[in-house]
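Input: a single structure, listed below in structure tokens.
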Amino acid sequence: MTGIKTGILDWTGDNPFIYLKTDPEQDWSSLSLYFRIASSEYGSGHAILVVDNPYQAGSDNDTRLLITDNQPLAEYLVRDFVRHFGLFRKAVALDSLKIISDGVFHTVNHYPEVVTESVSSSSANLKVEMQWHNMSQPAICVDLPQDQTQTQKHEMMCVFHPAQHARVLVNDVALPGSTIERDFNGTRAQSASLANSETWVRVA
């Protein structure tokens, strides 16, 4: 029967992103991801990953955070997925992440005007917000075969809702830079998008 897929579900959930540049002609100045995992072999949970100056060794002033409420899940997502995502493959910043495991997550959803995913940590005295604004562009639904996914091991299904602009705030201070327009799944869109019902199935 067409439309039926079989395989091993590695995870399913939401995985929106915000990628910023301070100079459109230079490398990305920061890469940020949010995960809300409904089901995986590590259970359910949330994580926010924020790395600025991702391709440089960095300094103590750089933000390199992985904040979660399920540390084994978050480490698995970074190790087995994020490191295979195109923009992250050369991101040396992933080698110096500060992992914070007492994250408390909160969602404010006024789609399509604005969606905010935030996390706070009492142990680190820290709050991170990711904001997507104006999802006016039509949704992009993808169903990628194994040879077109980032891992080359999975099929991936997802619904993307590109944002017209986006921000990442760390303790109420916005990371520098802005989104840029780029090629995205056969169309043009800004480098920030919701990514709902994202599902990675390992091909049997």
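Quick notes on this one:
- Just one residue in the set 18, 37, 67 is among the hydrophobic types (A, V, I, L, M, F, W, C), surrounded by 22 or more Cβ atoms within 10 Å (Cβ to Cβ) and touching a Phe, Trp or Tyr at 6+ places or on another chain (Cβ under 6 Å); that residue is 37.
- Pairs where the first residue, in region 189-202, is on the phi < 0 side of the Ramachandran plot and at pLDDT below 95 and the second is aliphatic (A, V, I, L, M) and part of a strand (DSSP E or B), C-beta under 6 Å, 6+ apart: 202/8
- Scan of region 85-104 for residues that are surrounded by 13 or more Cβ atoms within 10 Å (Cβ to Cβ) and under 26 Å from residue 136 (Cβ atoms), ordered by number: 85, 87
- Answer residue from region 126-147, given it is modelled with pLDDT of 95 or more and among the polar types (S, T, N, Q) and is farthest from the chain's Cα centre (by Cα) among those: 134
- The set of residues from region 110-123 being touching a residue at least 12 places away in the same chain (Cβ under 8 Å) and either within 24 Å of residue 81 (Cβ to Cβ) or loosely packed, with under 15 Cβ neighbours inside 10 Å (or both) comprises 111, 113, 115, 116, 117, 118, 119, 121, 122, 123.
- Residue check, residue 58 farther than 25 Å from residue 115 by Cα, buried (at least 17 other Cβ atoms within 10 Å of the Cβ), touching a residue at least 24 places away in the same chain (Cβ under 8 Å) and out of contact with any Cys (no Cβ under 7 Å at 6 or more places or on another chain): yes
- Among the numbered conditions (1) modelled with pLDDT of 95 or more; (2) within 23 Å of residue 156 (Cβ to Cβ), the only one that residue 112 does not meet is (2).
Quick grid of which residues meet (1) within 26 Å of residue 199 (Cβ to Cβ); (2) β-branched (Val, Ile, Thr); (3) without any contact (Cβ under 8 Å) to a residue 60 or more places away in the chain:
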| site | (1), (2), (3) |
| --- | --- |
| 66 | yes, no, yes |
| 71 | yes, no, yes |
| 79 | yes, no, yes |
| 89 | yes, no, yes |
| 95 | no, no, yes |
| 101 | yes, no, yes |
| 108 | yes, yes, yes |
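- Flag if residue 157 is surrounded by 18 or more Cβ atoms within 10 Å (Cβ to Cβ), assigned to a strand (DSSP E or B), of a type outside the set (Gly, Ala, Ser) and in contact (Cβ under 8 Å) with a residue 24 or more places away in the chain: no
- Considering (1) of a type in the set (S, T, N, Q); (2) modelled with pLDDT under 95; (3) not in a loop (DSSP other than H, G, I, E, B), the lone condition that residue 2 does not fulfil carries the number (3).
- Qualifying residue in region 2-15 (condition: within 19 Å of residue 166 (Cβ to Cβ), touching a residue at least 40 places away in the same chain (Cβ under 8 Å) and surrounded by 21 or more Cβ atoms within 10 Å (Cβ to Cβ)): yes
- Boolean, residue 42 is over 16 Å from the mean Cα position of the chain (by Cα), surrounded by fewer than 17 Cβ atoms within 10 Å (Cβ to Cβ) and at pLDDT 95 or above: no
The values are calculated or read from the model by the stated rules, or taken from the named source; none is laboratory data. Quantities reported herein were computed from a predicted structural model and do not represent experimental measurements. Cβ: placed from backbone, ideal geometry, glycine included. Neighbour counts: every protein chain shown.
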